[in-house]
Amino acid sequence: MAECKVVHANELEVEISSGAMTRLAGVSEGLVGSTGIHLAVATIPPGCASTPHYHVNCESAIYVSKGQGRFVIGDNLDNPLVIKQGDFIYVPAEAVHQPMNDGDEPLELIVARNTPVEIVVEVVPKKAQA
């Protein structure tokens, strides 16, 4: 029979950083054996950002739990969406994005995705390649 599991704050799984963004998983394949969901907390320090990237194999849902900034989207990262505490963000598979912290406090994002292991591709915007 399947069993529920609790992962305590001191048991979180440290994941690979993306730029200045760090991510700690609480529900993952490694921690609880999940096969169709992943849940983590991402933190971006003030004035910093993740690297521009997209996810090949999953869609994500993000909740802004603290702070404010921009969620820059588009192949050339030319569409900045203002985000703040309380906002939800939907990210389809293969959508280029880069969360950025414009505030004076850490930007904290609760990130859920529909696969236990993501495939991430970091990108260089075309305007930056010139």
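Here, each number is a calculation from the coordinates, and none is a lab measurement. Please read these numbers as outputs of a predicted model, since none were measured by experiment. FYI the Cβ positions are ideal-geometry reconstructions off the backbone, even for glycines, and counts take in every protein chain you see.
Tabulated data for the structure shown
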item: Cα gyration tensor shape of the stretch 1-81, rounded if a/c is under 1.5, else prolate or oblate by comparing a/b with b/c; result: prolate
item: Length released on extending from CYS4 to GLN85, taking residue separation times 0.36 nm less the Cα-Cα span; result: 26.2 nm
item: Over 22 Å [Cα-Cα, the stretch 43-130], rounded percent; result: 23 percent
item: Order of LEU77, LEU107, LEU31 - criterion: other Cβ atoms within 10 Å of each residue's Cβ, fewest first; result: LEU31, LEU77, LEU107
item: Rel. contact order, % - alpha carbon contacts under 8 angstrom, at least six apart, the chain; result: 30 percent
item: Longest site-free stretch - the chain; sites: GluC sites (Glu not before Pro), DSSP loop, at most 14 other Cβ within 10 Å; result: 4-93
item: Charge dipole (debye, nearest 20) of the stretch 15-129; +1 at Cβ of Lys and Arg, -1 at Cβ of Asp and Glu; result: 80 debye
item: Positive-end residue, the chain charge dipole about Cα centroid, Cβ charges, pick of VAL72, MET21, ALA61; result: VAL72
item: Separation of the ASN76 and SER17 label points, Cα + 7 Å toward Cβ, nm; result: 3.1 nm
